[in-house]
Structure formats: C-alpha cells, structure tokens
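Just so you know, all these numbers are worked out from the coordinates, no wet-lab data involved. Here the structure is a predicted model, which means the values were calculated and not measured. As a convention, Cβ positions derive from the backbone with ideal geometry for all residues, glycine included, and neighbour counts pool all protein chains shown.
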Amino acid sequence: MNTIDVKSISKTFGTQCAVENVSFDVYPGEIFGLLGPNGAGKTTSIRIILDIFKPDHGTVSVFGGAMDEKKKDRIGYLPEERGLYQEIGLEHCLVYLATLKGLSKADSQKRIREYLERFNLSEHRKKKIKALSKGMQQKAQLIITLVHDPELVIIDEPFSALDPVNTQMVKDLLREERDRGKTIVMCTHQMHQVEELCDRLVLINQGKTVLYGKLPDIQRQYAGHSINIRTQQVLPPSISGAHTIESNNNHGNYTIHLNPGITPQNILETLVNQQVILDRFEIAAPTLDEIFIQVVTEDGAVHE
C-alpha cells in the first residue's frame, strides 16, 4: 500500500489554476521530492493532501483511504511559514504544541528536552521565540514536526534560514527517519538537496506534472548531449561533431558538448581515429539543476 496516492487533482482559485491534473504516488519508507519553481503548485498540492483544501477534481488517498482526524495524528507537517507563538519561551511553546499532538505533558517535556539538546537549543530554551534567529526558529518548527514520532513527515522548504552546519544536521536526521521506516515528502526548489536526499521525485511547473520518477532514470533521460573524458594527451583544437570543449581542472579532464544529431559513439569513433588514448569516456549525467532549468524553460515562463 502506498503512503500517498494522488490521482489527477486540480484546484482553481478564481481565474488562477494552481494545480491541473497532477498525479503521483509516495511509497512507504522513502524520501520523496515535490519540486518546482515558486508558484508552481507545490504548496497547494500539499494542502490538498492534508485536506486543508478540497480539490475541484481528482482524489487523494493517505494511508490507504481518505484523510480523517486520526490520520492527521500520524502526520508531521512543517509549513514554509513559521507558526510559533512569538511572545512565550521556546521550551514552554514547544511543550504546549507537543501536547496538542496527543503527548502527555511529561512525555512532551522529555522529548522536547532531548530535541533541544540535539538541535543545540538547550541554552536558548527560556528565550522568547521572537528573540531567536530565523535559523533557530526553523529548528524549533522541525522539532514540533517530529516530536510525536509521525509515520509521514511533510516538510516545506526544510532548510530555509539554516547555515551549512545545521543543514547537514537536518539532512542526517531526515535520513535517520527514513531508515526507521518513516515516509518523508520534501517540498523544495533547492535541487542540490534533492539530489542528495530523495529516492524519487515529481517536478511540477505551472500547476502541471512535467517530470516524475527516480533521479537516475530522469538523468539518463536527459543525458547524451555531453560527454566527459580523461586523457594524458593534448586534445586536437577541434573535434568533428563537438560544439565546445571544456578543460576541467587541467588534469586531462574534458567535457565535450555535442552538436545536434551527434551521438557519444560518433565522438568516440572520431577520437579513436585521431589516435587519442582515453583513460575515461562517459556520458555526462546532467545535474537536477540543469534538468530543472531545461524543463521549466521549455514548459514556459517560471512563475515568481
């Protein structure tokens, strides 16, 4: 049974179509990337999954059926907008919010203190929320998302305002949660984070699904326009079929960008005929950033 099944959902606000015929599944025990530029329909899709919005068309199944109040207790949700009480102390605020998720006060205090220690927030536990930095507030919201040990975690821009050290800490935590069998949906436009963390992904642009699947499969789909080679020889100034040749780090590593209609095999044959001895020859896998830019550019203007 899939943790989430989204089937052909659409949602319009006035004359603005936020989501149009979007479908995807999320498997148990994976980190799933819900991606897209700003205004693409990511947050609307999440709110439909959580039953905050009702779709105009289509269906959503969570844990095998329609959303209800009991299922909401099995979900941890980190919204992009912060929702903490600004005028009360950090620990008091977190304990209170944890009790709203069904934990006893004693359990709430125990778990909150453990998380405060892990997130390096213990010394700030008495400070009012408004006195904390944006990064500290983001970590506090992550604590509330995870404190009740949810089976499904949905996080919207989880690395917002975090420095590199805290970003790595959160990545490690998300991997731990996945390894414990939790399902994580990560909504973001930071492609490099997705490459590191996500097992599968869906890319939404202008409210529509434009990419869906495993990252290696998607990279193979968009590969073939460039090759990487390494040779101890100096390459000829021009190679038939090559559009441009880039030297990488001056250690015999080159990236060759191909002309339209030219295949990697054509370039390999040319190099062999020119008696270039190769230590490495591989099709360059495009980064998710490169794929993202290509897809949204082809699909139309990126929304802000």
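General observations
- In a reduced charge model with +1 at each Lys and Arg Cβ and -1 at each Asp and Glu Cβ, the chain shows a dipole moment near 1100 debye about its Cα centre.
- Highest mean packing comes first when the peptides 44-56, 252-264 are listed by Cβ atoms within 10 Å, giving 44-56, 252-264.
- Only helices enter this figure: runs of n ≥ 4 DSSP H residues, each worth -39500 (n - 2.57), summed and divided by the residues of the chain, yield -10000 deg cm²/dmol at 222 nm to the nearest 500.
- Phi angles across the stretch 37-47 convert, under the Karplus curve 6.51 cos²θ - 1.76 cosθ + 1.60 with θ = phi - 60°, into 3J(HN,Hα) values of x, 4, x, 7, x, 5, 5, 4, 4, 4, 5 Hz, Gly and Pro given as x.
- The stretch between GLN109 and ALA66, if pulled fully straight at 0.36 nm per residue, gains 12.2 nm over its current Cα-Cα span.
- Among [x] 32; [y] 41; [z] 36, the entry that matches percent of Cα pairs over 32 Å apart as calculated here: [y]
- GNM top mover of ASN266, ASN250, ASN120 - the chain, alpha-carbon springs below 10 Å: ASN250
- Net length gained if the chain between MET1 and ASP279 were fully extended (0.36 nm per residue, minus Cα distance): 95.4 nm
- For the stretch 223-239, the residues whose amide N sits under 20 Å from a probe point set 7 Å from the Cα of HIS251 along the beta carbon direction are 227-235.
- Estimated FRET transfer efficiency (VAL272, HIS243; beta-carbon r; R0 25 Å; 0.05): 0.80
- Inter-label distance, nm, simple model (7 Å from Cα along the C-beta direction), ALA131/ALA223: 5.4
- Given their separation in residues at 0.36 nm each and the Cα-Cα distance between them, ASP199 and THR15 gain 62.7 nm when the chain is fully extended.
- Anisotropy class of the stretch 62-206 from Cα gyration tensor, a/c 1.5 cut: oblate
- Helix 288-299 vs. the chain, principal-axis angle (Cα, 0 to 90°, nearest 10): 90
- Peptide packing: for 137-144, 104-111, the average count of neighbouring Cβ atoms within 10 Å per residue gives the ranking 137-144, 104-111, highest mean first.
- Note on LYS126: lysines with a C-alpha under 27 Å away, same-chain residues under 8 apart excluded, are LYS101, LYS105, LYS110, LYS134, LYS139, LYS171.
- Anisotropy class assigned to the stretch 187-266 is prolate, per the alpha carbon gyration tensor with a/c at or over the 1.5 cut-off and a/b larger than b/c.
- Dimensionless Rg/Rh of the stretch 34-102 - Kirkwood Rh, Rg from C-alpha atoms: 1.04
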